[in-house]
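First up is the structure itself, then whatever we jot down about it.
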Amino acid sequence: MGCFCSKAGDSKASRISRWRSTGIVALRDCKLKTFPSEVLDLEKSVRTIDFTHNKIVDIPTEVLSQNLIERLPLNIGKLQSLKVLMLDGNRITSLPDELGLLVRLEKLSVSGNLLTCLPRDYWELAQWLRDQA
């Protein structure tokens, strides 16, 4: 998948139209430092977002909340600088153990999902988060 910056003459409107029609937002290797606000305009039409190999430090909470996410990627534990993860209002049934690797996580919200249980590690993580507050 290519980056929007690599396409000469590619306007913001044409990018948004392409992303809306395909459901794929591909911004790999674009040296982005901030989350592109135009992605939020797409609302529920987005199925896949690829921001691999960028320098984004903050993902707006609107991106992950109130969607149809069923599972988190196993490599989510690589987001070592992540402080807030809001996953409210999705269809998540379980949380991966790798979530425990998010050592800087200060807030995790998963209300309104389909969770049936939490692994023991999450109780320890919750206690650790409370201790940090």
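Please treat every number below as a calculation from the coordinates, not as lab data. The structure displayed is predicted, hence computed values, not measured ones. All Cβ positions, glycine included, derive from the backbone under ideal geometry; neighbour counts span all protein chains shown.
Relative to the present Cα-Cα distance, how much length would full extension add between Arg20 and Arg71 at 0.36 nm per residue of separation? All intermediate terms of the calculation are to be shown ahead of the outcome.
On the way: separation 51, 0.36 × 51 = 18.36 nm, distance 2.23 nm.
Net length gain for the segment: 16.1 nm.
log10 I(q)/I(0), Debye, Cα-only the range 16-127, no solvent, q = 0.11, 0.18 Å⁻¹? The Cα Debye sum returns log10 ratios of -0.38, -1.00.
Starting from 0.36 nm per residue, how many nanometres of slack lie between Asp97 and Leu115 once their C-alpha separation is accounted for? Each step should come with its number before you reach the end.
Values: separation 18, 0.36 × 18 = 6.48 nm, distance 1.40 nm.
Using 0.36 nm per residue and subtracting the Cα-Cα distance, I get 5.1 nm.
Give the shape of the range 7-72 as rounded, prolate or oblate, defined through the alpha-carbon gyration tensor: a ≥ b ≥ c are the square roots of its eigenvalues, a/c under 1.5 means rounded, and otherwise the shape is prolate if a/b is larger than b/c and oblate if not. It comes out oblate by the Cα gyration axes. Local charge for Val46 was computed over the other residues whose Cβ lies under 14 Å away, with Lys and Arg +1 and Asp and Glu -1, and equals 0.
Among the trypsin sites (Lys or Arg not before Pro) in the range 43-87, those placed in a DSSP loop whose Cβ has at most 16 other Cβ atoms within 10 Å are Arg47, Lys55, Arg71, Lys83.
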